[in-house]
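Novice: Please see the structure below; I have some questions.
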Amino acid sequence: NTGGGGGAGGVGGNGTSSSCGAGGVGSQSSITGSAVYYAGGGGGSAYPDNPAPPGAGGNGGGGAGARDANAPAGTANTGGGGGGSGNGPANGGNGGSGVVILSVPTASYSSTVTGSPTVTTSGSNTIIKFTASGTYVA
């Protein structure tokens, strides 16, 4: 059984003869005003002849491991790693897409954005969250 992938905030768990490693924890950010984890590691895969369950994905969007099946991808807009897969022809999961988050003092916010970011406020800051292409001009 395989180990889990490392996350931005911690290493993945080791695989043993009786268990698969979980993905490592991601890194916590409160830039949006709420604590959210990003970039968790993918879970380890289980070999077909071993009854151990595949490893869980790491907190922060990591995909779980799989056995004899394509593993799930990391969660979109978190940068989480994809899960591992135990046996060909199955594939490991893709990594989750990333995110760009800007926090600008509301008094300085220009309102000049392209794309379709989510714009919110948190305290005295304006938060601009891009999950696809776009720009912000100060």
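Novice: Using a cut-off of 15 Å between beta-carbons, work out the net charge of the residues near Asn91 (Lys and Arg +1, Asp and Glu -1, Asn91 not included). If you can, show how the numbers build up before the last one.
Specialist: Details: positive: Arg67; negative: Asp68.
My count for the surroundings of Asn91 gives 0.
Novice: Turning to a different aspect of this structure: Looking at the chain only, what percent of DSSP beta bridges run antiparallel? Nearest 5 please. Please report the intermediate quantities before stating the final value.
Specialist: Working: 19 of 20 bridges.
So the antiparallel bridges amount to about 95 percent of the total.
Novice: Can you give me the convex hull volume of the Cα atoms of region 1-61, divided per residue and expressed in Å³? Walk me through the numbers before you get to the answer.
Specialist: Numbers: hull volume 3.1 nm³, N = 61.
Convex hull of Cα atoms, per residue: 52 Å³.
Novice: Ranked from highest to lowest mean number of other Cβ atoms within 10 Å per residue, what is the order of the peptides 46-53, 127-134, 61-68? All intermediate terms of the calculation are to be shown ahead of the outcome.
Specialist: Working: 46-53: 14.4, 127-134: 16.0, 61-68: 27.4.
Result, highest mean Cβ count within 10 Å first: 61-68, 127-134, 46-53.
Novice: What is the calculated FRET efficiency for Ala35 to Ala138, with r their C-beta to C-beta distance and R₀ = 22 Å, to the nearest 0.05? Provide the component values of the computation, followed by the final result.
Specialist: Numbers: r = 27 Å, r/R0 = 1.21.
Computed FRET efficiency for Ala35 and Ala138 comes out at 0.25.
Novice: State the percent of C-alpha pairs, over all pairs in the chain, separated by a distance greater than 19 angstrom.
Specialist: Numbers: 5090 of 9453 pairs.
The answer is 54 percent, as a whole percent.
Novice: Counting alpha carbon pairs within less than 8 Å and at least 6 residues apart, what relative contact order, in whole percent, applies to region 48-102? Please report the intermediate quantities before stating the final value.
Specialist: Numbers: 154 pairs, mean separation 16.3, N = 55.
30 percent.
Novice: Follow-up. Over the chain, what relative contact order in percent results from Cα pairs under 8 Å that are six or more residues apart? Intermediate results must be reported in sequence, preceding the final value.
Specialist: Details: 529 pairs, mean separation 23.2, N = 138.
Answer for the chain is 17 percent.
Novice: For the residue pair Ala107 and Asn70, what label-to-label distance in nm results when each label sits 7 Å from Cα along the Cα-to-beta-carbon direction?
Specialist: 5.2
Novice: Here's another thing I want to ask about it. For the chain, what % of the accessible area comes from carbon and sulfur atoms, probe 1.4 Å? Please report the intermediate quantities before stating the final value.
Specialist: Values: 3390 of 6770 Å².
Looking at the chain in its full context, I get 50 percent from C and S.
The values are calculated or read from the model by the stated rules, or taken from the named source; none is laboratory data. All figures in this text were calculated on a predicted structure; none of them were measured in a lab. Positions of Cβ are backbone-derived with ideal geometry, glycine not excepted, and every protein chain shown enters the neighbour counts. For the accessible areas, the whole protein counts, side chains as well, though only heavy atoms, and no ligand, DNA or RNA atoms are used. Shrake-Rupley method; radii C 1.70, N 1.55, O 1.52, S 1.80 Å.
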